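First comes the structure, then the notes that go with it.
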Amino acid sequence: MIVTTTFTIEGKRTSEYFGIVSGEAIMGANMFRDFFANVRDIVGGRSGAYEKVIREAKSVAIEEMTSEAAALGANAVIGCDLDYQTIGETGSMLMVVASGTAVRVD
C-alpha cells in the first residue's frame with residue numbers, strides 16, 4: 001500500500017476515490033519511563049523510551065489506516081496527515097491519529 005503526504009503519486013493516475021480513512025493509537029507511558037525521561041530532561045539528551053513509544057504509536061496508527069483503506073478496495077492513501085496529542089490529567093497518554101484519502105491508483 002502506497003502512503004504519501006502528497007495528493008498525487010508521481011507516475012500514477014488516481015482512478016477511484018473511496019473517502020477519508022483513519023487509524024488511531026493511544027499509548028500509555030509508565031511510571032519508570034516517566035522517571036527516566038525526567039532524569040534525561042535534567043541532564044540533557046534524548047529520551048529513547050519516549051521516542052520508541054512515539055514510533056510505535058505512529059506505526060500502529062498508519063497500519064490501522066491502511067487496513068481500513070484496503071478493506072474499501074484502495075491500494076494507496078494520499079494526503080496522509082499525522083496528529084500527535086497528549087491526553088489524560090497528567091498528559092501520560094500519547095495519542096497518534098493518521099488520516100488520509102483512500103484511493104485506487106493505476
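Only the coordinates and a few stated rules stand behind these numbers; no lab work does. Treat the numbers as computed from the prediction; the structure is a model and nothing was measured. All Cβ positions, even for glycine, are placed from backbone atoms using ideal geometry, and neighbour counts span all protein chains on display.
Of note:
- The GluC sites (Glu not before Pro) of region 64-106 that meet both conditions, a loop assignment by DSSP and at most 16 other Cβ atoms within 10 Å of the site Cβ, are Glu89.
- Exposure proxy order (Cβ contacts within 10 Å, fewest to most) of Arg55, Arg104: Arg55, Arg104
- Relative exposure of Val60, Val77, Val53, judged by other C-beta atoms within 10 Å (fewest first): Val60, Val53, Val77
- Ranking of Phe18, Phe7 by count of other Cβ atoms within 10 Å, fewest first: Phe7, Phe18
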